[in-house]
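Heads up, the thing below is written out as structure tokens.
The values are calculated or read from the model by the stated rules, or taken from the named source; none is laboratory data. Quick caveat: nothing in here was measured; it's all calculated off a predicted structure. Counting neighbours? That spans all protein chains shown, and the Cβs are built from the backbone with ideal geometry, glycine included. Just so you know, the surface numbers come from the protein's heavy atoms only, side chains and all, with ligands and any DNA or RNA stripped out. Shrake-Rupley method; radii C 1.70, N 1.55, O 1.52, S 1.80 Å.
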Amino acid sequence: MKSKFYLFFALLLVVLAGAMAQPKDPKDLEKQHDRTMKVFIDALLAKMTLAEKIGQLNLLTAGEATTGTVVSTDIDAKIKAGQLGGLFSMSSPERIRKTQQIAVEQSRLKIPLLFGMDVIHGYKTIFPIPLALASSWDTQLIKQTAAIAAKEATADGIHWAFSPMVDISRDPRWGRISEGSGEDPYLGGLIAKAMVQGLQGNSLADKETMLACVKHFALYGAAEAGRDYNTTDMSLHRMYNEYFYPYKAAIDAGVGSIMTSFNDINGIPATANKWLLTDVLRKEWGFTGLVVSDYTSVNELIDHGLGDLEEVSARSINAGLDMDMVGEGFLTTLKASVAKGRVSEATITEACRKVLEAKYKLGLFEDPYRYCDSKRAEKEILHPSHLEKAREAATKSFVLLKNKDQLLPLAKKGTVALIGPLAATGANMPGTWSISADLENTASLFEGMQAVLGDKVQLVHHLGTNLVSDPAYQARATLFGREIKRDPRAEEAIRAEALAVAAQADVIVAALGESSEMSGESSSRSDLNIPENQQRLLKALLETGKPVVLVLFTGRPLTLTWEDKHVPAILNVWFAGTETGKAVADVLFGDVVPAGKLPVTFPKHVGQVPIYYAHKNTGRPQQKEKWFEKFRSNYLDVDNEPLYPFGYGLSYTQFNYTDLKLDKDQLQAGQQIQVSLNIQNTGSYDGYEIVQMYIQDVVGSVTRPVKELKGFEKVYLKKGERKTVTFTITEEDLRFFNADLKFQSEPGTFQVFVGPNSRDTQSLRFVLN
Ligand code: BGC
């Protein structure tokens, strides 16, 4: 009896202790998880040899999709020997299971591998390219697309996404502008957060979420002359106030890993930049996750001129890099560096801890095969609901640049001729960085449109002209299976045939612009025109006298000065993913009213680059009345204005902005001020409008931009409907990094602007006391 009592008492104590040890506050719970993780990882680290720790820092590619030279061939042997921490660009649950099995069954410590991939804008269901998604200004939608990407990628065995890419760029010559959210820190920061939340969900251990990796830290989008991988050189003032913001936003949103960039930053490439990786990232921002290099970016330090492989590897790990992608500098040299006292074992242990922590958080120690369920892949990949979301996202990413005399939407009747090199290529629809897309089974614009229009519209198509005249250029611009069939005949002969096809039609839709690989990595351009042969085709199509709609494909801002003047309707569809064709039909024929707004400025001329709305005034600003004046900051041959400003985009309906009001004209710290206006849909369609709010700090201790985006709201208005939109401004919204890099506001006058884009605004002033 007595012993039973003791047993009961002991059990009760265990239960009570368990209940007490399980904190209710999520922060305490997180701390407890961190403590449990630390105990586990400390114990594991204690068992590891120096070589095994170094092995964890090695990340290799399975070679399915690569952007450089694959160095390693004996991957299985390395896994067995404990010389590999992770692999990327391998897919399918079966293949990943088999490879994971080698790690957990045949290596001494049975540490599971990380499996990564560039899951940038979708996995198999491809969403619009990031620059296009940013044009939706819809962070909820973007979060949903990232969550679907994570669901599909994890169903295929992958649990680490090299995404989001948040590099601000104001130089459309740079091809990778397509992979980011454009020029603005505020919009970019909100999107960075949405992407991290979408990919990582509420818990990394969830089977449908994955570890995100914000990249490329840092300033990659400011490469000189827009040439990829080129040097950047930037003031601290600009870094802190503009370019750093989205990386920091991703970190604040809890991103688990970060990738260093290729570029040199003020003399020290990011991968070996201690100030960047340790002082800013770890100490100032408190980042506790994993820092990985970009593809061979450690080895590339040799060409940057920082020394031999041993030297640059030691420098990188001492700077704060944890994992070495592809180049194996860490694997092959760190042991020697420890022996020579160049790198401490403690530094290696800490880097290894970061890799192990990522694995722990993903739940891989609990179940290394948790992402290897083939049933999930069958059920979840390309699920109809994902395709539906892709179609919605595509329509929301389109930006209507011009619509003279309401040419659009078109009526669903008659004959429509789809002419141009982008009309019949499925492989180019997903856009750049969609390495897991099924290119062969992606519908072309023609096929997608036909699926929607059925027999209501007779749709005909023709190539019209080659992508570019020069076959060698076309070959460079259609790599990775993104082929556009080339017609070897003379341009005039191809065009004559296209004109004959167009002659049968009531309306011509010209599908022109860039191929998907004319933007993206290593796809910089020195000229931003639609290729000249395509322009000649466009002119000929206009000369038929029939209505012409330009459906523009591009991964960057183009210079469309001629097109804007002569073509009645221009719909910029960027690269919109798997459902492009259907989405274009939805918008062209009015089932969806376009609402996208540009997240980046479109210049009039490439010579205006870099061009962005949040510029400084200069001491000799251009005058409103006169675009050129001697001894002012202007050009002789073009004015300073962009063709389409940041935030610009039309709708089929019209919106009228009135009654801009501030609820007071003085603001104190700790209080708020409200700016409101009425917006009315005065056109003949229901539709969304993205109302934008900008602020200028009129007088500062340092020069401040002419305006900066500080808020926006996407509102839906039925025909004739009127709504009041209100933005709240607090003192915190007015802070910036001053000359001492202190983040603070300064009392004085502020101007607040509200409008449909960054140019056409109304404004009022208030004072911060
Ligand atoms: C790119 C990264 C990418 C990596 C792995 C590099 O060339 O710069 O964005 O994540 O390759 O594919």
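Checking the structure you have, find out if any residue of the range 322-336 is surrounded by 24 or more Cβ atoms within 10 Å (Cβ to Cβ) and among the aromatic types (Phe, Trp, Tyr). Checked the range 322-336: at least one residue is surrounded by 24 or more Cβ atoms within 10 Å (Cβ to Cβ) and among the aromatic types (Phe, Trp, Tyr). Note on the range 253-273: among residues that are more than 16 Å from the ligand (Cβ to nearest atom) and crowded, with 17+ Cβ neighbours inside 10 Å, the one that is nearest to residue 58 (Cα to Cα) is 272. Report whether or not residue 130 is within 16 Å of the ligand (Cβ to nearest atom), closer than 24 Å to residue 290 by Cβ and open to solvent by 10 Å² or more (accessible area, probe 1.4 Å). So residue 130 passes the test. Scanning the range 537-569 for residues that are in contact (Cβ under 8 Å) with a residue 60 or more places away in the chain and surrounded by fewer than 16 Cβ atoms within 10 Å (Cβ to Cβ) yields a single hit, 561. Among residues of the range 429-447 that are under 21 Å from residue 62 (Cβ atoms), those with a beta-carbon under 9 Å from a residue that is open to solvent by less than 10 Å² (accessible area, probe 1.4 Å) and modelled with pLDDT under 95 at least six positions away or on a different chain give the pairs 435/89. On inspection, residue 291 passes the criterion of being touching a residue at least 24 places away in the same chain (Cβ under 8 Å), part of a strand (DSSP E or B) and under 18 Å from residue 57 (Cα atoms). Return a yes/no flag: does the range 185-202 have any residue that is charged (D, E, K, R) and either within 16 Å of the ligand (Cβ to nearest atom) or surrounded by 24 or more Cβ atoms within 10 Å (Cβ to Cβ) (or both). There is no residue in the range 185-202 that is charged (D, E, K, R) and either within 16 Å of the ligand (Cβ to nearest atom) or surrounded by 24 or more Cβ atoms within 10 Å (Cβ to Cβ) (or both). Just give me the residues in the range 223-238 being open to solvent by 10 Å² or more (accessible area, probe 1.4 Å) and either within 15 Å of the ligand (Cβ to nearest atom) or free of Cβ contacts under 8 Å to residues at least 40 places away in the same chain (or both), in sequence order. Residues satisfying the conditions are 224, 227, 228, 229, 230, 231, 233, 234, 235, 238. Examine the range 102-112 for a residue that is within 16 Å of the ligand (Cβ to nearest atom), open to solvent by less than 10 Å² (accessible area, probe 1.4 Å) and farther than 30 Å from residue 714 by Cα, and state whether such a residue exists. No, there is no match, as no residue in the range 102-112 is within 16 Å of the ligand (Cβ to nearest atom), open to solvent by less than 10 Å² (accessible area, probe 1.4 Å) and farther than 30 Å from residue 714 by Cα. Within the option set 152, 208, being away from the ligand (no atom under 15 Å from the Cβ), open to solvent by 10 Å² or more (accessible area, probe 1.4 Å) and not basic (Lys, Arg) holds for one residue only, 208.
Kindly establish whether residue 167 is among the acidic types (Asp, Glu), within 14 Å of the ligand (Cβ to nearest atom) and in a loop (DSSP other than H, G, I, E, B). Against the criterion (among the acidic types (Asp, Glu), within 14 Å of the ligand (Cβ to nearest atom) and in a loop (DSSP other than H, G, I, E, B)), residue 167 qualifies. Answer with yes or no whether residue 284 is away from the ligand (no atom under 16 Å from the Cβ) and farther than 28 Å from residue 44 by Cβ. So residue 284 passes the test. Selection of the range 578-597 for residues being open to solvent by 10 Å² or more (accessible area, probe 1.4 Å), part of a loop (DSSP other than H, G, I, E, B) and among the charged types (D, E, K, R) yields 579, 591.
Here the condition is being away from the ligand (no atom under 16 Å from the Cβ) and not β-branched (Val, Ile, Thr); of 176, 97, it holds for 97 alone.
For the range 714-750, the candidate set comprises residues that are out of contact with any Ser or Thr (no Cβ under 8 Å at 6 or more places or on another chain) and at positive phi; within that set, the residue that is least open to solvent (accessible area, probe 1.4 Å) is 748. Only one of the numbered conditions (1) open to solvent by 10 Å² or more (accessible area, probe 1.4 Å); (2) among the polar types (S, T, N, Q); (3) touching a Ser or Thr at 6+ places or on another chain (Cβ under 7 Å) is violated by residue 469, and that is (3). Examine the range 706-715 for a residue that is within 22 Å of residue 398 (Cα to Cα), among the basic types (Lys, Arg) and out of contact with any Leu (no Cβ under 7 Å at 6 or more places or on another chain), and state whether such a residue exists. There is at least one residue in the range 706-715 that is within 22 Å of residue 398 (Cα to Cα), among the basic types (Lys, Arg) and out of contact with any Leu (no Cβ under 7 Å at 6 or more places or on another chain).
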